[in-house]
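The values are calculated or read from the model by the stated rules, or taken from the named source; none is laboratory data. The structure presented is a predicted model; accordingly, all values stated were derived computationally and were not measured. Here the Cβ positions follow ideal geometry from the backbone for every residue, glycine too, while neighbour counts run over all protein chains shown.
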Amino acid sequence: MLDQGASPQTPKIPGGRQGGVPRLTRRKPVEMLVAEGGQGEGGELRRSLGLWQLTMISIGATLGTGIFVVLGEAVPDAGPAVIVSFVLAGLTALFSAFSYAELAGTIPVAGSSYSYAYATMGELVAWVCGWCLLLEYGVSVAAVAVGWGQYIDELLHGTLGLNLPQALSAPPGEGGLFNVPALVVVLLAMAFLLGGARESARANTVMVTVKVIALLLFCAVAAAGIRAGNYQPFMPLGMAGVSAAGATLFFSYIGFDAASTAGEEAKDPQRDLPRAILLSLVLVTALYCLVAAVAVGALPWHRFEGSEAALSGILHNVTGQGFWPTLLAFGAVVAIASVVLTVLYGQTRILFAMSRDGLVPAVFSKVDPRSGTPRANTVIVSAFCGTLAAAVPLGNLADATSIGTLFAFGLVNVAVIVLRRTRPEMRRAFRVPLSPLFPLVGLGLCLWMMFSLDAVTWGVFGAWMAVGAVVYFGYGIRRSRLRTAPDPASTEE
């Protein structure tokens, strides 16, 4: 529930001796996190975002990915019960969203779950969480950019009768040499972000409006093709298929936490961040389920196999015309571009927080005094994500992103419980209902969905964690700005 008038100011607690605290478990006090808000190398982030912009950031980062890109991969696993898979993934996200809402209102900083873990479980856990977020945000930008290129091809074919050359529209391993459209959309998003947070938020709001209209239009047109027999059998591959599809579709909920990365650019973060997170998730889940129900009703589930632009194909089958698929392709191009924009935004702000703590190079926290944005950070991240998008197949990217997200979300649920115990006196703008039950349920669901993913995905995740360990112990632990600072951990018990 919302606690009106909550404030981030909390009683200052005594600092313990850093020498008596293990380096891996040193925590960053909440007061220090809040005091640093907006400060970077050479400038400050600007507080220019209200509730509407924050909600649009979360919707922009979430809505579109699962429906426009991953639906074709999930339906063959679950059949018509993909609707249940969306609900399952949405519930998993909702329990974690409660935890995000509480912590975002209590610790309104740019680092999202990385900063929450730093304040509650120590530096090593914070690093692991931040490293997972790099996987979640960075790789999802690349994966979504790949889907954007597929809809660009659909749009060109419908309007001009042209198709992109295979060599320039697919990555190596899928018949191409370099996915140019995927790189282009990342660079376009970079250009918006370099203009400033307010300007990016305005562009995102326009794009969110377009994609909501496009999805509602799909439902209205495709509903004419619904056949009751397409829902039978409803669960052809059993609950195991529903669970596997749900784990894959969780990729489509990545982004509801994007508003939490804007904690240092929000006008009233304690009030607006919790509301933006929960409101965006509810709206996105409702629209996902509506579109999925219409899609599987209009097309037999076994025909989704191998289709990464399934909605356009459904409209073509229902109407027999090229106009509607072309119109939807335009909506998808705009929708997916907004996901790239907002998720890339979140990635840069997480790296900003990690850099300010000394765990990654200082270049990522350098703020341009004129635009109030981390320009070098934005350029570096965009170049990396764009290159990744042009070289790696979509399926592997989506599952790797899901496991990193689930791991980070699980840590957020733990962080809520820990902060309730160690700092019960803090004022909270939002409180998770029935805590610690809801956070524990959220943690359990995250673990369940993680173990629904295949061994290859776990292998990729393990390799990513190994690389992260090398980076942390080779660089971060020795350059952490908390290495000489007092840590209150010993006094919080």
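Look through 370, 421 and report the one residue that is out of contact with any Cys (no Cβ under 7 Å at 6 or more places or on another chain), among the basic types (Lys, Arg) and not in a helix (DSSP H, G or I). Before the answer, list the steps.
Numbers: 421 fails: not in a helix (DSSP H, G or I).
From the options 370, 421, the qualifying one is 370.
Within 30 Å of residue 174 (Cα to Cα) and either assigned to a helix (DSSP H, G or I) or not aliphatic (A, V, I, L, M) (or both): does that describe residue 467? Walk me through how you get there before you give the answer.
Values: within 30 Å of residue 174 (Cα to Cα): yes; either assigned to a helix (DSSP H, G or I) or not aliphatic (A, V, I, L, M) (or both): yes.
So residue 467 fits the description; yes.
Restricting the search to the stretch 276-327, which residues are assigned to a loop (DSSP other than H, G, I, E, B) and under 28 Å from the mean Cα position of the chain (by Cα)?
If the condition is that a residue be assigned to a loop (DSSP other than H, G, I, E, B) and under 28 Å from the mean Cα position of the chain (by Cα), then 305, 306, 307, 308, 309 are the ones that fit.
Give the residues of the stretch 456-493 that are of a type in the set (A, V, I, L, M, F, W, C) and modelled with pLDDT under 85, sorted by residue number.
Passing the criteria: 456, 460, 482, 485, 489.
May I ask you to verify whether residue 102 is assigned to a helix (DSSP H, G or I) and surrounded by fewer than 24 Cβ atoms within 10 Å (Cβ to Cβ)?
Answer is no for this residue.
Just to be sure I understand, how many residues within the stretch 391-429 are at pLDDT below 90, among the hydrophobic types (A, V, I, L, M, F, W, C), crowded, with 21+ Cβ neighbours inside 10 Å and closer than 20 Å to residue 277 by Cβ?
So the count comes out to 5.
For residues that are of a type outside the set (Ser, Thr, Tyr), outside any loop (DSSP other than H, G, I, E, B) and in contact (Cβ under 8 Å) with a residue 24 or more places away in the chain, tally how many sit in the stretch 188-201.
9
Given the residues 319, 387, 326, which is the only one that is polar (S, T, N, Q) and more than 30 Å from residue 215 (Cβ to Cβ)?
Exactly one of 319, 387, 326 is polar (S, T, N, Q) and more than 30 Å from residue 215 (Cβ to Cβ), namely 387.
Are any residues in the stretch 188-236 surrounded by fewer than 20 Cβ atoms within 10 Å (Cβ to Cβ), modelled with pLDDT under 90 and among the hydroxyl-bearing types (Ser, Thr, Tyr), and if so, which ones?
none
Where the second residue is of a type in the set (Lys, Arg) and part of a helix (DSSP H, G or I) and the first is over 12 Å from residue 224 (Cα atoms) and at pLDDT below 85 and lies in the stretch 312-324, which pairs have Cβ atoms under 9 Å and are six or more apart or on separate chains?
Listed pairs, sorted by first residue: 313/303.
Have a look at 96, 48, 113 and point out the one that is at pLDDT below 90, farther than 30 Å from residue 230 by Cα and touching a Cys at 6+ places or on another chain (Cβ under 9 Å).
113
Where in the stretch 112-187 are there helices (runs of 4 or more DSSP H), lying wholly inside it, with at least 2 residues that are among the polar types (S, T, N, Q), in contact (Cβ under 8 Å) with a residue 12 or more places away in the chain and within 24 Å of residue 378 (Cβ to Cβ)?
113-120
Write out, first by first residue and then by second, each pair whose Cβ atoms fall under 6 Å of each other, whose residues are 6+ apart or on separate chains, and whose first residue, in the stretch 329-344, is free of Cβ contacts under 8 Å to residues at least 60 places away in the same chain and surrounded by fewer than 24 Cβ atoms within 10 Å (Cβ to Cβ) while the second is not in a helix (DSSP H, G or I) and not aromatic (Phe, Trp, Tyr).
Filtered contacts from the stretch 329-344: no entries.
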